[in-house]
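Since the structure comes first, as structure tokens, the remarks are kept for the end.
The values are calculated or read from the model by the stated rules, or taken from the named source; none is laboratory data. Quick caveat: nothing in here was measured; it's all calculated off a predicted structure. So basically every Cβ, Gly included, is an ideal-geometry build from the backbone, and we count neighbours across all protein chains shown. The area values use the complete protein model at the heavy-atom level, side chains included, leaving out ligands, DNA and RNA. Shrake-Rupley method; radii C 1.70, N 1.55, O 1.52, S 1.80 Å.
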Amino acid sequence: MVLKAFKKENIKYIILFIFILFISIFILPVSVPIILALLTAIVIEPVVKFTQRVFKWKRKPAVITNFIFFLTIISALLYFIVTKLISQLLYTSKVIPYHLNSLTGIWINIQNNVFQYTEGLPLEVVQSIQDKFNATLTSMKDALLDLLSYSNISALLTNIPEFLINFIVFIIALFLFMLDLENLSQKFFFFLKDGTAEKVRVMTSSVKKVTIGFMKAQILASFIILGVSLIGLLFIVPFKIAIIMSLVIWIIDVIPILGSIAVLAPWAGYLFLVGDTVFATKLTVLAIILLIIRRAVEPKLMGSQMGISPLAILIAMFIGAKLFGFLGFLIGPLVVILFITAREAGMIRLNFKL
């Protein structure tokens with residue numbers, strides 16, 4: 001009797017769990033371009049509706065207009081990135097012999113200073129320090145050769161066709177999803193009971209609200225970073241360079257995974273390599289300050305804009321970062337958002353007491 005009740009009440013949940021597990025393991029990894037296209041279409045959908053409402057257009061012209069606009073932005077970004085990358089590679093290939101000679105000179109000076117400071121120490125200590133220096137130099141050389149090895153370069157080149165295919169699939173799928181998103185939504189809700197459909201609508205509405213709050217929080221935090229980076233760079237570099245680099249930091253900082261450290265760390269690292277340690281130290285200090293401000297301000301802004309406790313956001317970001325690295329700063333809050341919206345929609349019930 002118990003087994004029969006178990007089958008009636010829980011067999012559908014077991015089947016659903018197995019189906020979701022199968023999708024997660026076998027289907028999702030090979031469907032990334034299509035999933036990204038669907039998510040992008042959902043994000044662009046409010047803009048499509050706004051275009052329809054303002055210009056009194058039917059859906060198809062509004063979709064085509066927004067798709068062309070989106071495609072233009074993506075094409076311009078790709079063109080800018082590729083041309084800059086190629087020009088930077090050509091420039092690097094020209095100046096790298098000079099920098100290698102400079103690094104050799106810097107390395108010799110460091111060794112001479114070390115030998116000067118270790119003068120008078122036992123021979124075994126001096127030999128140990130010299131061996132450490134030689135091992136460090138060898139590991140750096142091996143790492144550079146490994147990075148520029150034939151296998152890595154050929155692997156990068158072989159990934160280009162796959163990227164192009166995925167990009168083409170993404171673009172085509174995005175256009176088709178944008179055209180048919182309303183019909184897909186209706187078909188999706190057709191398979192749900194009235195009560196379940198209402199819960200999903202409530203959850204979707206909450207997720208949209210929280211997503212908008214998240215975007216507002218990121219933009220506000222990026223403006224704070226823009227102000228601090230501009231003030232800091234004005235003490236380090238000339239006015240014109242400070243304006244340009246603070247704007248670059250601001251644009252990059254909007255991307256949560258990258259942040260200002262993606263600009264300042266390579267800049268400081270390059271200056272360390274060429275021997276300008278004072279300039280590099282100043283940039284490193286600025287990068288640390290911006291990182292501290294970002295991590296201190298972000299939870300508060302996200303909590304106020306998203307309607308979620310800043311402590312919950314902070315804990316979610318910390319645990320997410322520990323489990324998933326940089327991506328955890330996004331995954332952690334996303335899990336909290338989905339859990340809270342599902343609970344508010346009645347899809348998850350926690351009515352127990354200890």
(request) Compute the distance in nm between two label points, each set 7 Å from the Cα along the Cα-to-Cβ direction, one at V82 and one at I251. (result) 1.8 nm
(request) Give a residue-ordered list of calculated ³J(HN,Hα) values for segment 49-55 (Karplus: 6.51 cos²θ - 1.76 cosθ + 1.60, θ = phi - 60°; whole Hz; x for Gly, Pro). (result) 5, 4, 5, 4, 6, 6, 9
(request) Grab the Cα-Cα distance for S205 and L338, subtract it from 0.36 nm times how many residues apart they are, and report the gain in nm with one decimal. (result) 46.7 nm
(request) Would you mind telling me the share, in percent, of accessible area of segment 164-227 contributed by carbon and sulfur at probe 1.4 angstrom? (result) 72 percent
(request) Could you tell me, in Å, what Rg and Dmax come out for the Cα atoms of segment 169-285? (result) 22.5, 68
(message) Need one value: the accessible area of R201 in square angstrom, 1.4 angstrom probe, rounded to the nearest 10.
(response) 120 Å²
(message) For the pairs K216/K322; K84/K132; K56/K208, flag any whose C-alpha to C-alpha distance is greater than 27 Å.
(response) K84/K132
